[in-house]
1. Being among the charged types (D, E, K, R), open to solvent by 50 Å² or more (accessible area, probe 1.4 Å) and either over 13 Å from residue 382 (Cβ atoms) or outside any loop (DSSP other than H, G, I, E, B) (or both) is the filter here, so list the residues in the range 318-362 that pass it.
2. Just checking, how many residues over the range 95-131 are at pLDDT below 90, open to solvent by 70 Å² or more (accessible area, probe 1.4 Å) and either assigned to a helix (DSSP H, G or I) or over 18 Å from residue 150 (Cβ atoms) (or both)?
3. So which pairs qualify, if the first residue must be in the range 398-421 and in contact (Cβ under 8 Å) with a residue 24 or more places away in the chain and at positive phi, the second must be of a type in the set (Lys, Arg) and open to solvent by 10 Å² or more (accessible area, probe 1.4 Å), the Cβ gap must be under 9 Å, and the two must be at least 6 apart or on different chains?
4. Which residues, taken from the range 302-356, are more than 18 Å from the chain's Cα centre (by Cα) and of a type in the set (Gly, Ala, Ser)?
5. When only residues in the range 525-542 that are at pLDDT below 95 and of a type outside the set (Ser, Thr, Tyr) count, which is surrounded by the most Cβ atoms within 10 Å (Cβ to Cβ)?
6. State all residues of the range 233-245 that are open to solvent by 20 Å² or more (accessible area, probe 1.4 Å) and modelled with pLDDT of 90 or more; if no residue qualifies, say none.
7. Run down 52, 8, 15 and say which single residue is modelled with pLDDT of 90 or more and surrounded by fewer than 16 Cβ atoms within 10 Å (Cβ to Cβ).
8. Which members of the range 558-577 meet the condition of being in contact with a helix residue (DSSP H, G or I) (Cβ under 9 Å, 6 or more places away or on another chain), surrounded by 15 or more Cβ atoms within 10 Å (Cβ to Cβ) and not hydroxyl-bearing (Ser, Thr, Tyr)?
Amino acid sequence: PSQQRPPSSYPVPASNSLQGVPVSPGIAIGVTQRFQPTLPTIPEHPTENPQSEWEAFLSGIEKARSQIQTDLATATRHTNDDTAAMFEAHLLFLDDEALRTPTYARIFNEKMNAAAAWMQTIQEVASKYRHLEDNYLRSRAKDVEDVGNLVLRTLLGVDALVPTFDHPAILIAPELTPAETTHLDPAYIQGILTAFGGPTSHASILARSLGIPAAAGLGQQILDVQDDTLLVMDGETGRVWLDPGDEIITTYTQKAKAAKAAQAQARKESQRPAITHDGHRVEVAANIRTASEAALAVDAGAESVGLFRTEFLFLDRDSAPDEQEQYEAYRTAAAGLDNRPLIIRTLDAGGDKYIPYLNLEKEANPFLGWRAIRVSLEHTDLFKTQLRAILKVAAEYPIKIMFPMITTLEEWHSAQALLDEATHEIRENGGATPDKIETGIMIEVPAAALMAAQFAEEVDFFSIGTNDLTQYTLAAERGNPKVAQLSDAYHPAILQLIHRVVKAAHTKGKWAGICGELASDPQAIPLLVGLGIDELSMSAPAIPRAKQIIRQLDYSEIRQRGQAILDLNTTEDVRAACKTLY
């Protein structure tokens, strides 16, 4: 093994430590600073001019909209995950009549000032969400409050509070919103510790994208820690030491130094392939959301793009992009890869990615509803427009197509039939298409994983979306902090499904990859390689480290140990075993 490899085990004292949920890997040693934003005082005076108050309210809504759009743009630059879609959901709340109508009534009928009327409405609607039985809808209460507080500040002329430090510190907060997380400066924020939340929250995913060590779910005790308290945190294990002794500080200083050296070495060797000691190669690819990110992925060492999230061409606009616009975006991405393969996922609308012009009905739980391929198969003109644009680029570059959230073979057959129609339409008009284009499916729904053997007869490849597969398998919506600890991709059931998909693919000579968050988790990578995964696709900054880990493995050994982990019964046992793999 490389001398740059960080140590894997360290002493853990019995006292003066807290155990949280690991969110973002890395070591932080520093002093604390708390971030606990409070709302401004709400004026109680009635209004004598309701129309003026209503106009002020509408102006406040537009200012809040501008702020959310700014945060959306920032999130898009910082992360390749679906995090930015959360801001799209927040924008929808601004136009929600369930919030606007009661506010209007309070201003005009009860003569309340705009801030008081809005605040009362927010509290009422959030309370209703919290008392619903459905976990997903209960979790929307926090979204309502986040948006409500932003509008409230604009109404009162108070700037939104964001974590800004004038010296390096470890941030402590009850929980961070995605907007607050986008404003974090890694030059000052050494680490993030929150009392609530979990690893799958949007703010957590942003923290990983920013490269800031983080742990969540530390409870009320962490909020009692005073500013300027010296502590050590390990984002890889979720453990925090308060007022650590010299031994802990020395140990973790060495660990941080070793990790920094390993990162530098990984970046230096990022263009080398990921081949184990005994010659087994694993393809390491990038997840991208915009065409311009393709060239950046290549610079980071990506051997391909395993997931191009095309929905971001469709968001934040009044109508769908036409065929030419899509063609140019896909072609730009393909050209930036210098002839490396590009897997384009067709539109994944719905869930938390609401597209207004599709007129999708509001649903009690949109993650289990009308989304992804289901929407595309209903809007066939929209779908075929996208397919034609992809096919035209595939006539010039190595493109593959991937359909999201396939659940049944009938959906696969319907999507393939529309792909055939799109091919015929191009050729009929004298255009060029590839003789054969590889086509695969996302494995996100347990039904598809259980039917992998049947799908493997027909598809060219599988790409496992572990984020959705985990929430669907464990009935734990990944944005809900109350079930954050349950929503864990290390759960034995998830590993069994991954193993089943890989086995089905290899039996038919097909390949299987992973494009969810698990693919870039340093502790999970050896296990995934051991389970036979052929491709790992992740955000570009994670690629050098992933390749470095794979190069330090022995495939024959890791295969045996990975298979043994399949026999474990608990998430805790799996995580403990993974720590011994690398």
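1. 318, 325, 328, 331, 338, 340, 361, 362
2. 4
3. Listed by first residue and then by second, the contacts come to 405/374.
4. Hits for the range 302-356 are 302, 304, 319, 320, 329, 333, 334, 335, 336.
5. So, considering only residues that are at pLDDT below 95 and of a type outside the set (Ser, Thr, Tyr), the one surrounded by the most Cβ atoms within 10 Å (Cβ to Cβ) is 538.
6. Passing the criteria: 239, 242.
7. Numbers: 8 fails: modelled with pLDDT of 90 or more; 15 fails: modelled with pLDDT of 90 or more.
Going through 52, 8, 15 in turn, just one is modelled with pLDDT of 90 or more and surrounded by fewer than 16 Cβ atoms within 10 Å (Cβ to Cβ): 52.
8. Initial filter on the range 558-577 (in contact with a helix residue (DSSP H, G or I) (Cβ under 9 Å, 6 or more places away or on another chain)): 558-571, 573-574, 577.
Filter once more, keeping what is surrounded by 15 or more Cβ atoms within 10 Å (Cβ to Cβ): 558-559, 561-562, 565-566, 568, 571, 574, 577.
Correct list: 558, 559, 561, 562, 565, 566, 568, 574, 577.
The values are calculated or read from the model by the stated rules, or taken from the named source; none is laboratory data. Source: prediction; values computed, not measured. In this analysis, Cβ positions are derived from the backbone assuming ideal geometry, glycine residues included, and neighbour counts consider all displayed protein chains. We work out accessible area using only protein heavy atoms, side chains counted, and drop any ligands, DNA or RNA first. Shrake-Rupley method; radii C 1.70, N 1.55, O 1.52, S 1.80 Å.
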